[in-house]
Amino acid sequence: MKEKITEQSIILFEKKGFSETSIQDIVEANGVTKGTFYYYFSSKEELLMDIQLRYIDDLLEQQERILSKEETDCKTKLYDLILMLLHNIKTQGASAKVFFREMRNLNDERLSKIIPKRDAFRVKIEQLLREGIEKKEFQEDLNVSIATFGVLGMANWSYQWFSPEGDLSEEEVARIFTNMILTGIHK
């Protein structure tokens, strides 16, 4: 039941927004009572935090699988990371929207559980770019911080416009993004 409530809440939060979705909306969508909701979650904000944690933990696991491939060069890992982020829009689009859009609705205590994980994801991309510089795959004068934010900005915010049913597949968009990045940073 906890999973069902979570999934229905993701749909509601994506459609109406966190602030506009009431606990009554959530329980009605699930056909349960408020007591059932409060059995699993102390508040709507706790539910949102759980959604946030689930999304970022999944991204971190996928990122680790990509980065741990020792035989893969940095350019390929960069493409694989971008593809993974785009693929998540296809498979978890509502969760992605809720993650990026609704984080502002968490209090500082709950944000302190999300922000370090989000930062860890960013730091791993920075490490990949530094490794690429060391291996002479990327420009040695690359501003790693700015390049990292560029990669994340292109990939993460594509949830606003990218349609998996559109003219381009996530592989094609990832290839375009990666080529745009590498054309600027490739040595």
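Pairs to check: 15/69; 90/113; 44/69; 77/97; 97/124; 90/135. Give those whose C-alpha atoms are more than 28 Å from each other in this structure.
Numbers: 15/69 38 Å; 90/113 26 Å; 44/69 39 Å; 77/97 24 Å; 97/124 22 Å; 90/135 33 Å.
Too far apart for the 28 Å limit: 15/69; 44/69; 90/135.
Determine the gain in length on full extension of the stretch residue 69-residue 139; use 0.36 nm per residue of separation and subtract their C-alpha separation, reporting nm with one decimal.
Extending this stretch completely gives an extra 23.0 nm.
How tilted is helix 74-102 with respect to the longest principal axis of the chain? Cα atoms for both, answer in degrees (0 to 90, nearest 10).
20
Order 103, 154, 1, most accessible first, counting only protein heavy atoms with a 1.4 angstrom probe.
Numbers: 103 20, 154 45, 1 95 Å².
Correct descending sequence by accessible area is 1, 154, 103.
Short version: ³J(HN,Hα) in whole Hz for each residue of the stretch 32-43, in order, from phi by Karplus 6.51 cos²θ - 1.76 cosθ + 1.60 (θ = phi - 60°), x for Gly and Pro, what are they?
Going residue by residue, I get 10, 9, 4, x, 5, 4, 6, 5, 9, 9, 6, 6 Hz, with x marking Gly and Pro.
Per residue, how big is the convex hull around the C-alpha atoms of the chain? Give it to me in cubic angstrom, could you? Numbers along the way, then the final one.
Values: hull volume 22.4 nm³, N = 187.
So the per-residue hull volume is 120 Å³.
What is the angle, in °, between the Cα long axis of helix 108-134 and the longest principal axis of the Cα atoms in the chain? Nearest 10 is fine, range 0 to 90.
20
What angle, in degrees between 0 and 90 and rounded to the nearest 10, separates the Cα long axis of helix 2-16 from the longest principal axis of the Cα atoms of the chain?
Once rounded, the angle reads 80 degrees.
How much FRET efficiency would the formula 1/(1 + (r/R0)^6) give for residue 120 and residue 3, where r is the Cβ-Cβ distance and R0 is 22 Å, rounded to 0.05?
0.30
Counting each DSSP H run of 4 or more residues in the chain as -39500 (n - 2.57), what helix-only mean residue ellipticity at 222 nm follows after dividing by all residues, to the nearest 500 deg cm²/dmol?
Working: 8 runs with 139 residues, N = 187.
Rounded to the nearest 500, the figure is -25000 deg cm²/dmol.
The values are calculated or read from the model by the stated rules, or taken from the named source; none is laboratory data. On a predicted model such as this, the values are computed, not experimentally measured, just so you know. No Cβ is skipped: glycine too gets one built from the backbone with ideal geometry, and neighbour counts run over all protein chains shown. Side chains included, ligands, DNA and RNA excluded: accessible areas come from the protein's heavy atoms. Shrake-Rupley method; radii C 1.70, N 1.55, O 1.52, S 1.80 Å.
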